[in-house]
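The structure appears right after this line, and notes come after that.
The values are calculated or read from the model by the stated rules, or taken from the named source; none is laboratory data. Bear in mind the structure is a predicted one, so any value in this text is a computation, not a measurement. We place every Cβ from the backbone using ideal geometry, glycine too, and count neighbours over all the protein chains shown. The area values use the complete protein model at the heavy-atom level, side chains included, leaving out ligands, DNA and RNA. Shrake-Rupley method; radii C 1.70, N 1.55, O 1.52, S 1.80 Å.
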Amino acid sequence: MNRYAQLKQHGFVIRQLVAREMKRKYSRSFLGILWSVLNPLLNMVVLSVIFTKMFSRNIENYPLYLLCGQTIWQLFTGATNAAMTVMADNRVMLSRVRFPMEILPISRVAGAMVNYLYTFAAYFVMLLLFGIRPAATLLAAPLVIGCVTLFSLGIGYLLAAAYVFFADIKYLYSVLLGLWMYCSAIFYPIEQLPGTIGRLVEANPVYNYIACMRSATLYASWPTATQWARMAVWAVLMYAAGSLVFRLCRERIMQTV
(Lines give C-alpha, C1' and ligand atoms only; values in the text may rest on other atoms or scores of the structure.)
Protein backbone atom coordinates (compact mmCIF):
# COMPACT_ATOMS: atom_id res chain seq x y z
CA MET A 1 0.00 0.00 0.00
CA ASN A 2 2.91 2.37 0.68
CA ARG A 3 4.10 1.91 -2.90
CA TYR A 4 0.70 2.88 -4.32
CA ALA A 5 0.53 5.86 -1.96
CA GLN A 6 3.90 7.03 -3.29
CA LEU A 7 2.71 6.67 -6.87
CA LYS A 8 -0.41 8.68 -6.04
CA GLN A 9 1.75 11.43 -4.55
CA HIS A 10 3.74 11.57 -7.77
CA GLY A 11 0.66 12.09 -9.95
CA PHE A 12 1.99 15.50 -10.98
CA VAL A 13 5.21 13.91 -12.24
CA ILE A 14 3.23 11.37 -14.27
CA ARG A 15 1.14 14.13 -15.87
CA GLN A 16 4.26 16.11 -16.75
CA LEU A 17 5.94 13.05 -18.26
CA VAL A 18 2.85 12.30 -20.34
CA ALA A 19 2.71 15.91 -21.56
CA ARG A 20 6.42 15.83 -22.39
CA GLU A 21 6.04 12.61 -24.33
CA MET A 22 3.10 13.96 -26.33
CA LYS A 23 5.01 17.12 -27.20
CA ARG A 24 8.11 15.14 -28.18
CA LYS A 25 6.14 12.72 -30.33
CA TYR A 26 4.45 15.45 -32.36
CA SER A 27 7.05 18.22 -32.07
CA ARG A 28 7.87 18.34 -35.80
CA SER A 29 4.44 17.41 -37.07
CA PHE A 30 2.23 20.06 -38.65
CA LEU A 31 -0.98 18.17 -37.82
CA GLY A 32 0.24 17.11 -34.38
CA ILE A 33 -2.21 15.09 -32.31
CA LEU A 34 -4.56 14.86 -35.31
CA TRP A 35 -2.37 12.01 -36.56
CA SER A 36 -3.81 9.94 -33.71
CA VAL A 37 -7.14 10.30 -35.51
CA LEU A 38 -6.02 10.30 -39.13
CA ASN A 39 -3.76 7.25 -38.93
CA PRO A 40 -6.43 4.68 -37.98
CA LEU A 41 -8.97 6.30 -40.30
CA LEU A 42 -6.62 6.13 -43.29
CA ASN A 43 -5.74 2.53 -42.43
CA MET A 44 -9.44 1.75 -42.18
CA VAL A 45 -10.04 3.14 -45.67
CA VAL A 46 -7.16 1.17 -47.22
CA LEU A 47 -7.97 -2.12 -45.53
CA SER A 48 -11.69 -1.71 -46.14
CA VAL A 49 -11.03 -1.43 -49.86
CA ILE A 50 -8.91 -4.59 -49.72
CA PHE A 51 -11.09 -6.78 -47.51
CA THR A 52 -14.64 -5.49 -47.99
CA LYS A 53 -15.44 -7.91 -50.81
CA MET A 54 -14.16 -10.81 -48.71
CA PHE A 55 -16.01 -10.09 -45.48
CA SER A 56 -18.74 -7.49 -46.10
CA ARG A 57 -21.36 -10.19 -46.70
CA ASN A 58 -20.75 -11.62 -43.24
CA ILE A 59 -20.04 -8.39 -41.36
CA GLU A 60 -22.39 -5.41 -41.33
CA ASN A 61 -20.68 -1.99 -41.31
CA TYR A 62 -17.35 -3.63 -42.02
CA PRO A 63 -15.29 -0.38 -41.96
CA LEU A 64 -16.40 0.24 -38.35
CA TYR A 65 -15.78 -3.38 -37.45
CA LEU A 66 -12.25 -2.97 -38.76
CA LEU A 67 -11.68 0.44 -37.15
CA CYS A 68 -12.77 -0.82 -33.74
CA GLY A 69 -10.30 -3.69 -33.87
CA GLN A 70 -7.50 -1.51 -35.21
CA THR A 71 -7.82 1.14 -32.52
CA ILE A 72 -7.74 -1.35 -29.64
CA TRP A 73 -4.75 -3.06 -31.24
CA GLN A 74 -2.94 0.27 -31.63
CA LEU A 75 -3.62 1.13 -27.99
CA PHE A 76 -2.05 -2.16 -26.93
CA THR A 77 0.96 -2.03 -29.26
CA GLY A 78 1.54 1.69 -28.76
CA ALA A 79 1.54 1.32 -24.98
CA THR A 80 3.80 -1.74 -24.83
CA ASN A 81 6.31 -0.52 -27.43
CA ALA A 82 6.58 2.87 -25.72
CA ALA A 83 7.02 1.31 -22.27
CA MET A 84 9.72 -1.06 -23.51
CA THR A 85 12.44 1.56 -23.99
CA VAL A 86 11.42 3.98 -21.26
CA MET A 87 14.17 3.05 -18.79
CA ALA A 88 16.95 3.41 -21.36
CA ASP A 89 15.44 6.65 -22.69
CA ASN A 90 15.39 8.21 -19.21
CA ARG A 91 18.68 6.96 -17.76
CA VAL A 92 19.82 10.54 -17.04
CA MET A 93 16.64 11.32 -15.12
CA LEU A 94 16.97 8.11 -13.12
CA SER A 95 20.46 9.07 -11.99
CA ARG A 96 19.55 12.62 -11.01
CA VAL A 97 15.97 12.59 -9.72
CA ARG A 98 14.57 10.44 -6.94
CA PHE A 99 11.12 9.00 -7.62
CA PRO A 100 9.51 5.54 -7.94
CA MET A 101 10.77 3.86 -11.11
CA GLU A 102 7.28 2.52 -11.81
CA ILE A 103 6.28 6.03 -12.83
CA LEU A 104 8.17 5.83 -16.12
CA PRO A 105 6.32 2.84 -17.68
CA ILE A 106 3.06 4.22 -16.28
CA SER A 107 3.64 7.55 -18.04
CA ARG A 108 4.27 5.86 -21.41
CA VAL A 109 1.17 3.68 -21.13
CA ALA A 110 -0.89 6.68 -19.99
CA GLY A 111 0.33 8.60 -23.03
CA ALA A 112 -0.81 5.78 -25.32
CA MET A 113 -4.21 5.83 -23.63
CA VAL A 114 -4.52 9.60 -24.19
CA ASN A 115 -3.75 9.01 -27.87
CA TYR A 116 -6.44 6.35 -27.95
CA LEU A 117 -9.04 8.67 -26.44
CA TYR A 118 -8.59 11.06 -29.37
CA THR A 119 -9.01 8.12 -31.72
CA PHE A 120 -12.08 6.91 -29.85
CA ALA A 121 -13.68 10.34 -30.28
CA ALA A 122 -13.24 9.98 -34.05
CA TYR A 123 -14.59 6.42 -33.87
CA PHE A 124 -17.67 7.69 -32.04
CA VAL A 125 -18.27 10.26 -34.79
CA MET A 126 -17.96 7.49 -37.37
CA LEU A 127 -20.60 5.49 -35.53
CA LEU A 128 -23.00 8.41 -35.84
CA LEU A 129 -22.17 8.90 -39.53
CA PHE A 130 -22.97 5.22 -40.17
CA GLY A 131 -26.33 5.66 -38.47
CA ILE A 132 -25.51 3.72 -35.29
CA ARG A 133 -27.22 5.35 -32.35
CA PRO A 134 -25.46 5.31 -28.97
CA ALA A 135 -26.89 2.74 -26.57
CA ALA A 136 -26.51 2.16 -22.83
CA THR A 137 -23.95 -0.52 -23.62
CA LEU A 138 -21.53 2.28 -24.54
CA LEU A 139 -20.98 2.58 -20.78
CA ALA A 140 -18.97 -0.64 -21.00
CA ALA A 141 -16.36 1.04 -23.22
CA PRO A 142 -14.42 2.77 -20.39
CA LEU A 143 -14.15 -0.56 -18.56
CA VAL A 144 -12.82 -2.26 -21.68
CA ILE A 145 -10.30 0.56 -22.18
CA GLY A 146 -9.26 0.29 -18.54
CA CYS A 147 -8.66 -3.46 -18.83
CA VAL A 148 -6.64 -3.05 -22.05
CA THR A 149 -4.55 -0.35 -20.40
CA LEU A 150 -3.89 -2.42 -17.27
CA PHE A 151 -3.02 -5.48 -19.40
CA SER A 152 -0.67 -3.35 -21.52
CA LEU A 153 0.98 -1.90 -18.42
CA GLY A 154 1.75 -5.39 -17.13
CA ILE A 155 3.41 -6.35 -20.41
CA GLY A 156 5.09 -2.94 -20.51
CA TYR A 157 6.72 -3.61 -17.12
CA LEU A 158 8.05 -6.96 -18.38
CA LEU A 159 9.39 -5.43 -21.60
CA ALA A 160 10.91 -2.42 -19.83
CA ALA A 161 12.85 -4.69 -17.49
CA ALA A 162 13.89 -7.07 -20.27
CA TYR A 163 15.06 -4.29 -22.61
CA VAL A 164 17.58 -3.01 -20.07
CA PHE A 165 19.43 -6.34 -20.10
CA PHE A 166 18.60 -7.63 -23.59
CA ALA A 167 18.07 -4.93 -26.23
CA ASP A 168 17.25 -7.50 -28.91
CA ILE A 169 13.92 -8.04 -27.19
CA LYS A 170 12.72 -5.06 -29.25
CA TYR A 171 13.13 -7.00 -32.50
CA LEU A 172 11.79 -10.26 -31.09
CA TYR A 173 8.73 -8.44 -29.81
CA SER A 174 8.04 -6.88 -33.22
CA VAL A 175 8.02 -10.38 -34.75
CA LEU A 176 5.69 -11.59 -31.99
CA LEU A 177 3.34 -8.66 -32.58
CA GLY A 178 3.10 -9.57 -36.26
CA LEU A 179 1.90 -13.05 -35.37
CA TRP A 180 -0.28 -11.75 -32.53
CA MET A 181 -2.07 -9.32 -34.82
CA TYR A 182 -3.22 -12.05 -37.18
CA CYS A 183 -4.44 -14.07 -34.19
CA SER A 184 -6.59 -11.18 -32.93
CA ALA A 185 -9.32 -11.29 -35.62
CA ILE A 186 -8.95 -7.60 -36.38
CA PHE A 187 -10.11 -7.77 -40.01
CA TYR A 188 -11.86 -11.14 -40.26
CA PRO A 189 -14.74 -12.83 -38.39
CA ILE A 190 -13.71 -15.52 -35.94
CA GLU A 191 -16.69 -17.61 -37.01
CA GLN A 192 -14.90 -18.45 -40.26
CA LEU A 193 -12.08 -20.24 -38.44
CA PRO A 194 -12.15 -24.01 -37.92
CA GLY A 195 -12.81 -25.36 -34.42
CA THR A 196 -9.40 -25.65 -32.76
CA ILE A 197 -7.93 -22.51 -34.36
CA GLY A 198 -11.08 -20.57 -33.55
CA ARG A 199 -10.87 -21.58 -29.89
CA LEU A 200 -7.21 -20.55 -29.75
CA VAL A 201 -7.99 -17.11 -31.18
CA GLU A 202 -10.93 -16.77 -28.80
CA ALA A 203 -8.56 -17.40 -25.87
CA ASN A 204 -6.34 -14.53 -27.06
CA PRO A 205 -6.77 -11.70 -24.51
CA VAL A 206 -6.42 -8.95 -27.12
CA TYR A 207 -9.14 -10.54 -29.25
CA ASN A 208 -11.36 -10.65 -26.19
CA TYR A 209 -10.90 -6.90 -25.61
CA ILE A 210 -11.66 -6.20 -29.27
CA ALA A 211 -14.76 -8.41 -29.24
CA CYS A 212 -16.08 -6.71 -26.09
CA MET A 213 -15.57 -3.24 -27.55
CA ARG A 214 -17.36 -4.26 -30.74
CA SER A 215 -20.27 -5.65 -28.73
CA ALA A 216 -20.58 -2.51 -26.64
CA THR A 217 -20.27 0.05 -29.43
CA LEU A 218 -21.30 -1.60 -32.70
CA TYR A 219 -23.92 -4.14 -31.69
CA ALA A 220 -25.47 -2.51 -28.60
CA SER A 221 -24.98 -5.67 -26.54
CA TRP A 222 -23.25 -6.14 -23.23
CA PRO A 223 -20.20 -8.42 -23.10
CA THR A 224 -21.05 -11.84 -21.70
CA ALA A 225 -20.12 -12.87 -18.16
CA THR A 226 -17.35 -15.05 -19.60
CA GLN A 227 -15.95 -12.12 -21.56
CA TRP A 228 -16.05 -9.86 -18.50
CA ALA A 229 -14.22 -12.50 -16.48
CA ARG A 230 -11.57 -12.98 -19.16
CA MET A 231 -11.00 -9.24 -19.47
CA ALA A 232 -10.55 -8.75 -15.73
CA VAL A 233 -8.48 -11.89 -15.10
CA TRP A 234 -6.05 -11.22 -17.96
CA ALA A 235 -5.64 -7.56 -16.95
CA VAL A 236 -5.08 -8.25 -13.24
CA LEU A 237 -2.81 -11.27 -13.71
CA MET A 238 -0.64 -9.59 -16.33
CA TYR A 239 -0.35 -6.42 -14.27
CA ALA A 240 0.52 -8.41 -11.13
CA ALA A 241 3.16 -10.46 -12.96
CA GLY A 242 4.68 -7.46 -14.71
CA SER A 243 4.85 -5.23 -11.64
CA LEU A 244 6.33 -8.07 -9.55
CA VAL A 245 9.10 -8.76 -12.08
CA PHE A 246 9.81 -5.05 -12.48
CA ARG A 247 10.02 -4.58 -8.72
CA LEU A 248 12.36 -7.55 -8.30
CA CYS A 249 14.64 -6.21 -11.04
CA ARG A 250 14.68 -2.65 -9.72
CA GLU A 251 18.16 -2.70 -8.21
CA ARG A 252 19.73 -4.41 -11.23
CA ILE A 253 17.99 -1.92 -13.55
CA MET A 254 19.46 1.01 -11.61
CA GLN A 255 22.92 -0.52 -11.78
CA THR A 256 22.66 -1.23 -15.51
CA VAL A 257 21.11 1.95 -16.91
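General observations
- A 1.4 Å probe run over the stretch 72-187, with the rest of the protein chains in place, finds 44 Å² accessible per residue.
- Highest mean packing comes first when the peptides 198-209, 80-91, 169-180 are listed by Cβ atoms within 10 Å, giving 80-91, 198-209, 169-180.
- A full extension of the chain between ARG98 and LEU128 corresponds to an added length of 6.1 nm, given 0.36 nm per residue minus the alpha carbon distance.
- Modelled FRET efficiency - R0 30 Å, GLU60 with ALA121, Cβ distances, 0.05 increments: 0.85
- A straight chain from ASP89 to VAL236 at 0.36 nm per residue would run longer than the Cα-Cα distance by 50.2 nm.
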